[in-house]
Amino acid sequence: PSSVQQIISSMDIISGADGSNRGQDKLASLRANANYFRQALKARGFHVLGDEDSPVIPIMCYYAGKIPALSRLCLEKNLAVVLVGFPATALVLSRMRICISAAHTLEELKYAVDAIDEIGDKCMIKYVKPKKGHLNGSRTL
């Protein structure tokens, strides 16, 4: 019953049935955070999967042998990531998955992008030539 009530309350907030814009504001913030983060990673040369607006952002590393180093380096930078490899993916489709929240601040997102950029260089997981006009950290909410 408590889980069902939590779902009902969440849906009331998201739909605005609670009389506030809190749910829509959270969704807009989540979308802005996810899109900023995704575009910033792409601009730095990462092969990023997933749909625009999705808060789940997979970064391809491809080689399962890179997972231990990625895990260690992310931990050193205090980044919480999920590393996914075989047998959950095909042997050559390993990835690092990041989940973005509406509660993340722009400063936290910038820190994470910079840290992942550094880790990506060390582990050589940048597979896409970055486009000109590297993101400068601005975003529109």
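The values are calculated or read from the model by the stated rules, or taken from the named source; none is laboratory data. In this text, all values refer to a predicted model and were calculated from it rather than measured experimentally. Note that we place each Cβ from the backbone using ideal geometry, even for glycine, and neighbour counts take in every protein chain shown. Keep in mind that these areas ignore ligands, DNA and RNA; they rest on the heavy atoms of the full protein, side chains included. Shrake-Rupley method; radii C 1.70, N 1.55, O 1.52, S 1.80 Å.
Just one of (1) over 16 Å from C99 (Cα atoms); (2) out of contact with any helix residue (DSSP H, G or I) (no Cβ under 9 Å at 6 or more places or on another chain); (3) surrounded by 12 or more Cβ atoms within 10 Å (Cβ to Cβ); (4) of a type outside the set (S, T, Y) fails for Q6. It is (3). Scanning the stretch 65-102 for residues that are small (G, A, S) and without any contact (Cβ under 8 Å) to a residue 24 or more places away in the chain, which turns out most open to solvent (accessible area, probe 1.4 Å)? Across the stretch 65-102, the extreme among qualifying residues is A80. Scanning the stretch 19-59 for residues that are open to solvent by less than 70 Å² (accessible area, probe 1.4 Å), over 19 Å from M96 (Cβ atoms) and assigned to a loop (DSSP other than H, G, I, E, B) turns up just one, S20.
Please tell me if K110 is over 18 Å from R38 (Cα atoms), of a type in the set (K, R) and not in a strand (DSSP E or B). So that I can check it myself, show each step before the final result.
Details: over 18 Å from R38 (Cα atoms): no; of a type in the set (K, R): yes; not in a strand (DSSP E or B): yes.
Against the criterion (over 18 Å from R38 (Cα atoms), of a type in the set (K, R) and not in a strand (DSSP E or B)), K110 does not qualify.
Across the stretch 113-135, the qualifying residues are those that are among the basic types (K, R), in contact (Cβ under 8 Å) with a residue 60 or more places away in the chain and in a loop (DSSP other than H, G, I, E, B), and the one among them that is nearest to Q39 (Cα to Cα) is K131.
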